[in-house]
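Peer 1: Submitted below is the structure of interest, expressed as structure tokens.
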Amino acid sequence: MKAFDIEYAAFNPGATFRGIHDSIVNYGGNYKPEVIFCHHEEISVAIAHGYAKAKNKPMIAIVHNMVGLQHASMAIFNAYIDRVPMMVLGGTGPMNSKRRRPRIDWIHTALVQGNQVRDYTKWDDQPYSLADVPDSFIRGYRIATTDPTAPVYINYDADIQDYPRIPCHLIFDEEGRKLGPIGIPIVNDERYDASWSEDNLAEIEKGWIKKGNSLEDIAAQIDVNPKVLRATVERWNALCNDGQDQDHKRPPKTMMPIKTGPFYVVEAWPIVNNTQGGPEHDVKQRVLDPMKKPIPRLYVAGEISSIYGHLYLEAGNITECFVAGKIAGQNAAAENSWG
């Protein structure tokens, strides 16, 4: 993107392109491209459309898997009809099913995602490997900017975006095990038991948490260099003794040394990258203050204030926007004018 002087990338953050997002901000310094955060994928593409009209060159719009691509489809169609150059990027997978995280990666993976917009894009591609990415991007840019100009769609497998440190590993000692449950599952399906034992012993018995008598035992079980693991733990213990995490700024009261065997390790995966929760509201979609009283003339609608709270609503976000939007709109319209 820097090589082609891409100035901006507009998107609503999503898990399937987390590697691209991280690269833009932490590797690229959020400059060429600079991130433009949007509330909806259709807005992201519309911004890219207007930019192309003004500058006569493409910027980037990024969409999250099939759900984001479907959200963006009308705006992509508008750009196609208007013949403007645009590069729409997306994410999927991992396509390697052995690399998928539980649940969320399975429902966010689709084969041949480009089929969704193939009738109104000039070209689409899904690079097979990291080495294929530069050629694919170069070709997409040339096709998008060659008359007749039009949008192109390039979809990236999440597995080739990520760092090799996923999964990461949470290591703790016997004292850490006794503190309480390491995991706090959240499941909204009564068919599944998501309980976690208070002392973590049941999960050790199930093999979810691995046990070793030494750090070298732990290193062998997770296939890492034992010298590097020991050095990492020794560094952590030194920071605990100092009472300040100078490496990652962890709050001092949450710091605990790893020194009393046996030792334990559990895989940790980022499951959902999604904004949930938001302001509470009543049945009229009025935002509630901390005392649960409606804030005058302040209404909310959509995913920002879902009726499901912190739980992710699968395939129903737009429905909630429509229903909540109608309720909020009717009640807001019934308010007395300011005078």
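The values are calculated or read from the model by the stated rules, or taken from the named source; none is laboratory data. Since this is a predicted model, take the numbers as computed values, not measurements. No Cβ is skipped: glycine too gets one built from the backbone with ideal geometry, and neighbour counts run over all protein chains shown.
Peer 1: Any residue at all in the stretch 224-231 that's exposed (fewer than 12 other Cβ atoms within 10 Å of the Cβ), modelled with pLDDT of 85 or more, part of a loop (DSSP other than H, G, I, E, B) and not charged (D, E, K, R)?
Peer 2: Taking every residue of the stretch 224-231 in turn, at least one turns out to be exposed (fewer than 12 other Cβ atoms within 10 Å of the Cβ), modelled with pLDDT of 85 or more, part of a loop (DSSP other than H, G, I, E, B) and not charged (D, E, K, R).
Peer 1: Testing Tyr51 on (1) among the hydroxyl-bearing types (Ser, Thr, Tyr); (2) over 18 Å from Ile318 (Cβ atoms); (3) free of Cβ contacts under 8 Å to residues at least 40 places away in the same chain, one condition comes back false. Which one is that?
Peer 2: (3)
Peer 1: State yes or no: is Ile182 surrounded by 15 or more Cβ atoms within 10 Å (Cβ to Cβ), modelled with pLDDT under 95 and closer than 22 Å to Pro167 by Cα?
Peer 2: Yes: the conditions hold for Ile182.
Peer 1: Same structure, new question: Which pairs turn up if I take residues in the stretch 247-267 that are of a type in the set (S, T, N, Q) and look for partners that are modelled with pLDDT of 90 or more and surrounded by 14 or more Cβ atoms within 10 Å (Cβ to Cβ) with beta carbon separation below 7 Å, at least 6 apart in sequence or on another chain?
Peer 2: Qualifying pairs under 7 Å: Thr260/Asp173; Thr260/Glu174.
Peer 1: Additional query: Mind checking which pairs have a first residue in the stretch 62-77 that is closer than 23 Å to Thr149 by Cβ and a second that is aromatic (Phe, Trp, Tyr) and assigned to a strand (DSSP E or B), Cβ under 8 Å, 6 or more apart or different chains?
Peer 2: Ile62/Phe11; Val63/Phe11; Leu69/Tyr153; Ile76/Tyr153
Peer 1: Sticking with this one: Please list, ordered by residue number, the strands (runs of 3 or more DSSP E) wholly in the stretch 95-206 having 1 or more residues that are touching a His at 6+ places or on another chain (Cβ under 9 Å).
Peer 2: Numbers: elements: 123-125, 151-157, 168-173.
Qualifying strands (runs of 3 or more DSSP E): 151-157.
Peer 1: Only residues in the stretch 99-125 that are more than 14 Å from Asn65 (Cβ to Cβ) count as the first member; pair them with residues that are part of a helix (DSSP H, G or I) and among the β-branched types (Val, Ile, Thr), Cβ under 8 angstrom, at least 6 apart or cross-chain, and list the lot.
Peer 2: Tyr120/Ile76; Tyr120/Ile81; Thr121/Ile76; Lys122/Ile143; Trp123/Ile143
Peer 1: Examine the stretch 52-61 for a residue that is of a type outside the set (Lys, Arg), surrounded by fewer than 20 Cβ atoms within 10 Å (Cβ to Cβ) and over 24 Å from Glu303 (Cα atoms), and state whether such a residue exists.
Peer 2: The answer is yes; a qualifying residue exists.
Peer 1: Considering only residues that are in a strand (DSSP E or B) and either closer than 15 Å to Gly90 by Cβ or in contact (Cβ under 8 Å) with a residue 60 or more places away in the chain (or both), which ones fall in the stretch 1-48?
Peer 2: If the condition is that a residue be in a strand (DSSP E or B) and either closer than 15 Å to Gly90 by Cβ or in contact (Cβ under 8 Å) with a residue 60 or more places away in the chain (or both), then Ala9, Ala10, Phe11 are the ones that fit.
Peer 1: Select from the stretch 282-312 the residues that are part of a loop (DSSP other than H, G, I, E, B) and crowded, with 16+ Cβ neighbours inside 10 Å and write down the one among them that is modelled with the lowest pLDDT. If you could, list the steps in order and put the result at the bottom.
Peer 2: The first filter runs over the stretch 282-312 and keeps only residues part of a loop (DSSP other than H, G, I, E, B), leaving 282-285, 289-293, 300-302, 306-312.
Retained after the next criterion (residues that are crowded, with 16+ Cβ neighbours inside 10 Å): 285, 300-302, 306, 312.
On the way: Gln285: 93, Val300: 91, Ala301: 88, Gly302: 79, Ser306: 77, Tyr312: 64.
Residue satisfying both the conditions and the ranking: Tyr312.
Peer 1: Checking the conditions here, which among Glu216, Glu198, Glu205 is touching a residue at least 12 places away in the same chain (Cβ under 8 Å) and over 19 Å from Pro257 (Cα atoms)?
Peer 2: Numbers: Glu216 fails: over 19 Å from Pro257 (Cα atoms); Glu205 fails: touching a residue at least 12 places away in the same chain (Cβ under 8 Å).
After ruling out the rest, the residue left standing is Glu198.
Peer 1: Same structure again: I'd like the residue in the stretch 7-21 that is of a type in the set (A, V, I, L, M, F, W, C) and at pLDDT 95 or above and, out of all such residues, is nearest to the chain's Cα centre (by Cα).
Peer 2: Filtering first and then ranking leaves Phe11.
Peer 1: Restricting the stretch 114-131 to residues that are closer than 15 Å to Met74 by Cα and at pLDDT below 95, which is surrounded by the fewest Cβ atoms within 10 Å (Cβ to Cβ)?
Peer 2: Asn115
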